[in-house]
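One structure below.
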Amino acid sequence: MIESPEIGIQKINSNIYISGQLSDAQFQTVLNTSLLAVLCLRCAQEQGFKAEEKRQATAHGIAYSHRPISADALTYAVITQTLQEIDRLPRPLLISCRSAFRAGFIALLYLSTRNRLTMCETQSLQQRLGFDFSRKPTFQQWFEQYLMQYPLG
């Protein structure tokens, strides 16, 4: 089982999980689950970034992708490319960052756009999952902006 509140892994749906930065021992535990891919959203310059995660994941046959996201470099293109990367990665997938905030942001945008949710449905899902982007206004603005600009078909 991948979901583990003890080590800070939150199940978003049956294929997508999110977490903050895991300790080495926690990451090793995760690598021994049914997980097929890890998407790391941390910037390499961030304190505590663990470059060795890629080597560890691939040694276990788990796909690993590093797509750094930061508030000051957030753009429509960065979000779109990250969502497209999720499309390419096998499932189940763990999306991680320092505190799970960016992971939750991207996971919710992914579910909303790929499932063509209305803004009301997205807000309901956001509340159910416990995501509060208002703590970081840049992310809240990008969240709303992206959903209003995203082509629904």
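Every number here is computed from the coordinates shown, using simple stated rules; none is lab data. Because the structure is predicted, anything quoted here is derived from the model rather than measured. All Cβ positions, glycine included, derive from the backbone under ideal geometry; neighbour counts span all protein chains shown.
Summing charges over all other residues whose Cβ lies under 11 Å from the Cβ of ARG42, with Lys and Arg as +1 and Asp and Glu as -1, gives +2.
Can you give the Kirkwood hydrodynamic radius of segment 5-149 from its Cα pairs, in Å with one decimal?
Evaluated on segment 5-149, it is 15.4 Å.
In this label model, ARG116 and GLN81 are separated by 2.8 nm, measuring between points 7 Å along each Cα→Cβ vector. Put a plus charge on the Cβ of each Lys and Arg, a minus charge on the Cβ of each Asp and Glu, and nothing anywhere else: the dipole of segment 23-105 about its Cα centre is then about 80 debye. Against the empirical 2.2 N^0.38 Å (N residues), segment 1-89 has a Cα radius of gyration ratio of 1.08. In this structure, the amide hydrogen of ILE9, modeled 1.01 Å from its nitrogen in the peptide plane, lies closer than 5 angstrom to those of SER4, counting only residues at least 5 positions away or on a different chain.
Please give the Cα centre distance for segment 1-79 versus segment 98-113, rounded to the nearest Å. What the calculation gives is 12 Å, centre to centre.
Rounded to the nearest 10 degrees, the inclination of helix 119-129 to the longest alpha-carbon principal axis of the chain is 30 degrees. Using C-alpha pairs under 8 Å with a sequence gap of at least 6, the mean separation divided by the residue count of the chain gives a relative contact order of 26 percent. Available extension along the chain between SER70 and ALA25 is 13.6 nm, counting 0.36 nm per residue and deducting the alpha carbon span. Dipole magnitude for the chain: about 160 debye, using +1 per Lys or Arg Cβ and -1 per Asp or Glu Cβ, origin at the Cα centre. List the trypsin sites (Lys or Arg not before Pro) within segment 64-153 that fall in a DSSP loop (any state other than H, G, I, E or B) and whose Cβ has at most 13 other Cβ atoms within 10 Å. Here the trypsin sites (Lys or Arg not before Pro) that fit, given the DSSP loop and packing criteria, are ARG116. In this structure, the amide hydrogen of ILE95, modeled 1.01 Å from its nitrogen in the peptide plane, lies closer than 5 angstrom to those of TYR17, ILE18, SER19, LEU39, counting only residues at least 5 positions away or on a different chain. The aspartates and glutamates whose alpha-carbon is closer than 20 Å to the alpha-carbon of LYS11, local same-chain residues fewer than 8 away aside, are GLU3, GLU85, ASP87, GLU121, ASP132.
Return the FRET efficiency for the residue pair SER134, ALA59: r is the Cβ-Cβ distance, R0 is 35 Å, and the value is rounded to the nearest 0.05. With R0 = 35 Å, the Cβ-Cβ based efficiency is 0.30.
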